[in-house]
Amino acid sequence: MTLGVILIYGIVQILILADIMPPFYELNLILACVYVILAVSLNLINGITGQFSIGHAGFMAIGAYMSAIVTVKFEGSLILALIVGAIAAGIAGFLVGLPTLRLKGDYLAIATLGLGEIVRVVFINMDYVGGASGFSVPSTINWSWAFWLTALSIVAIRNFTASTHGRACISIRENEIAAEAMGVNTTKYKVLAFTLGAMFAGLAGGIYANYMYLVHPMTFNFLKSFDILVMVVLGGLGSLTGSIFGAIFMTFISAFLSGLSEWRLVITAVLLVALMIFKPTGLMGTKEFNLNFLGKKGEKNASSQSK
């Protein structure tokens, strides 16, 4: 799997350096990286822990604006800007998660949706970051930065999911009452997952802000949160690789339908309705894509031949 990741990066990097890849496709590849981080981090909250958050664009906005402030106002380095954006979004996630994660289902969804809108309105009325006109930021992110930060985010969330803390989050998703009866501190783990998800959403926002030249508050409206949620549901709640596939698929579908802007939402909605009818668990369900089955198959064939 590591070899495949390096191969993908190398091929795209060569195409970019040789000026073979058009700027439009490079733009969408970097946007795909941003959306992969957003989808995987939201999956940690919605799919792994079983909560229902639809305010992820708010944490993305916090990360975008905080990293932009460090870059523009304080002339800080890109690494410092991304770290500050991620930490700021993580702190916001922690402060919001403590009171709201005691809610469940639709009530939690409404609370997180309201949070995202509050964040957007605050930035609209904040002259320090340009208000409704937006905030100009120099573009310092390239394909290499976006790709490896995405890979790092996926590995970090995957390792968390595979740890004892991740298993505790999965137990909350399966049956919160039973998990609490077995001694799992459900509030602690829900807030932990929410904080980590918000932190990586802030990182994605920082990448976006330092690539797109302009950070505009309308970019982070409630439709952005729904777009991220659609990516997670499309790939399969509980599957990290499903979130990756869903994010990449939705990014490039939106790019190909950019000339049909009035039909893009209609076509996307029809695809989702069809998915919910024929495969309600998403493309991957809760399964993960793994190449290890090839090795196992080879071992089985070898053992059968020896017999």
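Among the residues making up region 269-297, those that are in a helix (DSSP H, G or I) and either closer than 21 Å to Ile253 by Cβ or at pLDDT 75 or above (or both) are Ala269, Val270, Leu271, Leu272, Val273, Ala274, Leu275, Met276, Ile277, Phe278.
If you go through region 238-268 and keep only what is buried (at least 21 other Cβ atoms within 10 Å of the Cβ) and either in a loop (DSSP other than H, G, I, E, B) or at pLDDT below 85 (or both), you end up with Gly238, Ser239. If we scan region 176-190, do we find a residue that is in contact (Cβ under 8 Å) with a residue 12 or more places away in the chain, surrounded by 17 or more Cβ atoms within 10 Å (Cβ to Cβ) and within 24 Å of Gly63 (Cα to Cα)? Taking every residue of region 176-190 in turn, at least one turns out to be in contact (Cβ under 8 Å) with a residue 12 or more places away in the chain, surrounded by 17 or more Cβ atoms within 10 Å (Cβ to Cβ) and within 24 Å of Gly63 (Cα to Cα). Across region 191-219, the qualifying residues are those that are among the hydrophobic types (A, V, I, L, M, F, W, C) and surrounded by fewer than 24 Cβ atoms within 10 Å (Cβ to Cβ), and the one among them that is nearest to the chain's Cα centre (by Cα) is Leu196.
So which residues in region 157-188 are assigned to a loop (DSSP other than H, G, I, E, B) and either under 18 Å from Glu288 (Cβ atoms) or small (Gly, Ala, Ser) (or both)? Residues satisfying the conditions are Ser163, Gly183. Tell me which residues, restricted to region 61-102, are surrounded by fewer than 22 Cβ atoms within 10 Å (Cβ to Cβ), of a type outside the set (Phe, Trp, Tyr) and not in a helix (DSSP H, G or I). Matches in region 61-102: Lys73, Glu75, Gly76, Ser77, Arg102.
The values are calculated or read from the model by the stated rules, or taken from the named source; none is laboratory data. All values derive from a computational prediction rather than experimental measurement. Every residue, glycine among them, receives a Cβ derived from its backbone with ideal geometry; neighbour counts consider all protein chains shown.
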